[in-house]
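Engineer: Before we start, here is the structure in question, set down as structure tokens.
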Amino acid sequence: MYDSDERRRRIVAQRTGPLLIEGPVEVTLDDGTTVSSDRFCVALCTCRRSRTYPWCDTSHRNPEHPRHPHDGT
């Protein structure tokens, strides 16, 4: 437990989207490197499709295989 509310961060988990975290934040990656953001709110990727991982770039919104309608042309 923390003694001060200043150290607490609010995290919003979405079923089909990123984790929204009140910033600033520092994230430690699998390989031990750290990345940080001073933004007031950051979106952490949970689908691992992001080109800017660990930050979300909304790639989760795109289907894995784009659907093209058969328009006959």
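Any read-out appearing in this document is the output of simple, stated calculations on the displayed coordinates, not a laboratory observation. In this text the structure is predicted, and so the values were computed from the model without any measurement. No Cβ is skipped: glycine too gets one built from the backbone with ideal geometry, and neighbour counts run over all protein chains shown.
Engineer: With +1 assigned to the C-beta of every Lys and Arg and -1 to the C-beta of every Asp and Glu, and no other charges, what is the dipole magnitude of region 5-61 about the Cα centre in debye, to the nearest 20?
Structural biologist: 340 debye
Engineer: Percent of alpha carbon pairs in region 5-61 separated by more than 13 Å? Could the numbers behind the result be given before it?
Structural biologist: Values: 958 of 1596 pairs.
Above the 13 Å cut-off, region 5-61 has 60 percent of its Cα pairs.
Engineer: Moving to a separate point now. Rank by packing, highest mean first: peptides 27-36, 45-54, with packing defined as the count of other Cβ atoms within 10 Å averaged across residues. Don't jump to the answer; show the numbers that get you there.
Structural biologist: Values: 27-36: 9.1, 45-54: 14.7.
Descending packing order for the listed peptides: 45-54, 27-36.
Engineer: Can you give me the distance in nm between label points at Leu20 and Arg8, each placed 7 Å from the Cα along the Cα-to-Cβ direction?
Structural biologist: Result: 1.9 nm between the two label points.
Engineer: Using the charge dipole of region 5-61 (Lys, Arg: +1 at Cβ; Asp, Glu: -1 at Cβ; taken about the Cα centre), state which of Thr16, Gly32, Ala43 has its Cα farthest towards the positive end.
Structural biologist: Projecting each Cα onto the dipole axis, the largest value belongs to Thr16.
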